[in-house]
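For reference, the structure discussed in these notes is given below.
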Amino acid sequence: MNILNILRDKHSLVYKIALYFFSILLIAYFLPKGIGENKISINSIKGLKIWPYKDLITEVDIFIKKDDASFKNEQAKIINSSALYFVTKTEEKENNLTELKSLIASQKNSANLKLAFQLLDTVYAEGIIEQLDISTGSISQNKLKNIFVINNGVAEQAMYYNFYTLNDAMAYFQKNLRDNPAKEEIIDVCLKYISITIFFDKHFTEKNLNENIQSLSLYKSNYKSGDCLIKQFEDITTEKREIVNTYLAQQNNFVENNWFNIFGRIILSAMVLAILMLYLAFFRRNIFGQNSQVTFIFLVVILATVITAKVAPYGVLFLWSLPFALVPILIRIFFDSRTALFTFLICILLCSFFATERFQFVFVQLVTGMGTVFSVAEMRKRKELIISAMVVLTFYMAAYVSYNLINGNEKVLSQKIFYLPFVISSILILLAYPFIFLAEKTFGFISDFTLMELCDLNAPLLRELSQKVPGTFQHSLQVANLAEEAVFHIGGNSLLIRAGAMYHDVGKIDNPRYFTENQIGEVNPHSEILPEESAKIIISHVIKGIERAKIHKLPEQIIDFIRTHHGTTTVRFFLNNFRNEHLGEEVNEEVFRYPGPIPFSKETAVLMMADGVEAASRSLKKYDALAINDLVDKIIDYKVKENQFINADITFKDITLVKKIFKKRLINMYHVRIEYPR
């Protein structure tokens, strides 16, 4: 139960702690798994014609593999050029010749046999080779020109066509016996005693072919550890690109998501985000006190890191195309310049781990971001976004060129492709407008664009106010002028207070005749009702104003001015009337008191002062410097005495300056002529 009570009482702090740890885990997950000097992705060199990074030195042996087509072509060449092996076998030949000799010796009339023997001996002397079928195309004519004949274990190179095949031998017999009357008889003898002496050795041929194929290397080149693969500013040729891609692919295989790496990423994320959270806690307590504002700032940091993590693998050109300058623009529009710059610094520190040339990345982005903050000091018109985009492009170009000139990288500057990402990034700055709209709708923020739209006199609620209660409308305009001038000098959001002043009295639309600024030549309706009823009607304009503002969907920051412009003061005129009518009776002042709350910011405090002073100035009988001086002091001192400003970050020095400004403005407003001593 105690834990539940703590969680309930400290829910805001618990939420921030949960947000902090959630952000740590998310950012740590997306940070690069391996952070090294040569952490370059294959995609990061796509489209590059020169190597913009430092000399690429390999830490491991690199083997450049042949592509499939080249490897298959080499295999085909080996197959086409591989030798055919034949083996000599003479046993059958010797037997045939011996048998034929015996036959010749046994017959008296053996002239034909002797001629057959001579023909066979001639053919056998050249060799009779096994006929190969070349019609299928498996054995090319080229191979037949270079064969090996193995005789007694020794392989000798020869040509297939230098030997006789059985068909060649038959043709030889036919040619030499063309005119011999015993041609048929002699050929029959030759055919009987002829035999192949050189046989095709399929097994040995295939074995030799397989050995040659297996000896074919998968790699066409290799580099040892310590070798330079490519030098800085060297042209990236097709061969160099292949070498670098092979190295990068192999390097990525060595990246291990081990526990040390995970622990390091978590510690890094925790430190950086802790710095951001401590900055808000110590130096921007007003932001730290609002969970929605802290969430928005952390969400910007998370989105910047995640988007960078997703885009970085596609290459350096894609990384530089990201609109990092959007971060200070978005933060500056809703907060202050220091918070914008500090948040941007945190984002760049985290995103730099995705860059290869980290110092260059940090330098260029920080210079551009700081310049961007100055360009959005006042973001009240849409054209200022275009100006900001141009400023971003100018700072990008100047920072990038100067950095490379200092480092002697003139060759990089000649490559137009390196400037394209800066142009894209600058154009993407225009996305700030839809992001501003989303942030306003999601987190309830209010931008200068919205405030300018609200201050437009043709806005529906202001137009209704000017038509139905012109007196109150003129009062609101005068209050807006007074308040805006004062806040401008003491420091604050002058556009916010002007918008708040224009709407602070919209609740008077319902009963306009009961407010003095709308009573022109009419009978005062308060004279016909009791003081407490009059007070109720006057006080109700605050509640009715809130209701009307919500119907018209005004931002909460504007509704706050309606809530607080009377604080918890009383309707003194009717309270005094009631006391005069009930002398000696105890008076319940709460009946005559506004519901509050009291002002809680510099802007709402100044509006309360401006509203009281402007309304009271209308009742002056004599408009001179002395009367105005006394009136301003009286009204504001009463508010201070009633403790209306104890929750607002406004000092007595500010209040004194506000008084001086109000007096000067009222004197000019009523054209008071200052009397000089004679």
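Considering only the Cα atoms of the range 448-669, their convex hull presents on average a projected area of 12.3 nm². Counting only aspartates and glutamates at least 8 places from K77 when in the same chain, those with an alpha carbon closer than 16 Å to its own are D67, D68, E206, E211. With 30 Å as the limit, the listed pairs K383/K441; K231/K416; K508/K602; K33/K441; K10/K602 have K33/K441 beyond it between alpha carbons.
Could you put C228, C351, C455 in order, starting from the residue whose Cβ has the fewest other Cβ atoms within 10 Å? Don't skip to the answer; put the middle values down first.
Values: C228 12, C351 25, C455 18.
The most exposed by this proxy come first: C228, C455, C351.
Exactly which GluC sites (Glu not before Pro) in the range 573-678 are in a DSSP loop and have at most 15 other Cβ atoms within 10 Å? Let's see the in-between values first.
Working: sites: E581, E585, E586, E589, E590, E603, E614, E642, E675; in loops: E585, E586, E642, E675.
Here the GluC sites (Glu not before Pro) that fit, given the DSSP loop and packing criteria, are E585, E586, E642, E675.
Rounded to the nearest 10 degrees, the angle from helix 111-126 to the longest Cα principal axis of the chain is 30 degrees. For the chain, the longest principal axis of the C-alpha atoms and the axis of helix 202-214 are separated by about 30°. For the range 365-473, the set of GluC sites (Glu not before Pro) satisfying both a DSSP loop assignment and a count of at most 16 other C-beta atoms within 10 Å is given as E378. Nearest 10 degrees is fine. How inclined is helix 183-193 to the longest principal axis of the chain, computing both from alpha carbons? Compared with the principal axis, the helix lies near 60 degrees. When only alpha carbons are used to place a centre, the range 326-402 and the range 172-232 end up 75 Å from one another.
Positive contributions from Lys and Arg (+1) and negative ones from Asp and Glu (-1), summed over other residues with Cβ under 14 Å from the Cβ of M277, come out at +3.
For the chain, the relative contact order works out to 12 percent when only alpha carbon pairs closer than 8 Å and six or more residues apart are counted. Within the range 572-676, the trypsin sites (Lys or Arg not before Pro) that combine a DSSP coil assignment with at most 13 other C-beta atoms in a 10 angstrom radius are R618, K621, K622, R673.
If Lys and Arg each add +1 and Asp and Glu each add -1, what is the summed charge of the other residues whose beta carbon sits under 9 Å from the beta carbon of I490?
On the way: positive: K602, K653; negative: D654.
Result for the local shell: +1.
Within the straight-line cut-off of under 20 Å between alpha carbons, the lysines reachable from K622 are K634, K659, K660, K663, K664, sequence neighbours fewer than 8 places apart in one chain being disregarded. With one equal scatterer per alpha carbon and no solvent term, the Debye-computed log10 I(q)/I(0) for the range 528-594 at 0.15, 0.22, 0.24 1/Å reads -0.54, -0.87, -0.97. Considering only the other residues whose Cβ falls under 13 Å of the Cβ of N95, what net charge follows from Lys and Arg at +1 and Asp and Glu at -1? Net charge around N95: 0. Over 33 Å apart: what share of the alpha carbon pairs of the chain falls there, rounded to a whole percent? More than 33 Å apart: 69 percent of the Cα pairs in the chain. The amide H of I64, built 1.01 Å from its N in the peptide plane, has K220, S221, N222, Y223 as neighbours under 5 Å, considering only residues 5 or more places off or on other chains. Please list, or write none, the lysines whose alpha carbon is within less than 21 Å of the alpha carbon of K72, excluding same-chain residues fewer than 8 places away. Cα-Cα hits under 21 Å: K143, K207, K220.
Sorting E74, E239 from the fewest to the most surrounding beta carbons within 10 angstrom yields E239, E74. Phi-derived couplings, Karplus 6.51 cos²θ - 1.76 cosθ + 1.60 at θ = phi - 60°, listed residue by residue for the range 617-627: 5, 6, 8, 5, 8, 9, 9, 10, 4, 5, 5 Hz, with x used for Gly and Pro.
Could you give me D for the range 160-208, from Stokes-Einstein at 20 °C and 1.002 mPa s, where the hydrodynamic radius is the Kirkwood radius over C-alpha pairs? Units µm² s⁻¹, please. Translational D for this selection: 168 µm²/s.
For n ≥ 4 DSSP H runs only, could you compute -39500 (n - 2.57) per run for the chain, divide by its residues and tell me the 222 nm figure to the nearest 500? Intermediate results must be reported in sequence, preceding the final value.
Numbers: 31 runs with 415 residues, N = 678.
Value at 222 nm, helices only, nearest 500: -19500 deg cm²/dmol.
As a rough footprinting exposure proxy, the listed residues T165, T90 were ranked by other beta carbons within 10 Å of their own, and the order from fewest upward is T90, T165.
We did not get these values from a lab; they are worked out from the coordinates using the rules stated. Just so you know, these numbers come straight off a predicted model, no measurement behind them. Note that each Cβ is placed from the backbone with ideal geometry, even for glycine, and that neighbours are counted across all protein chains shown.
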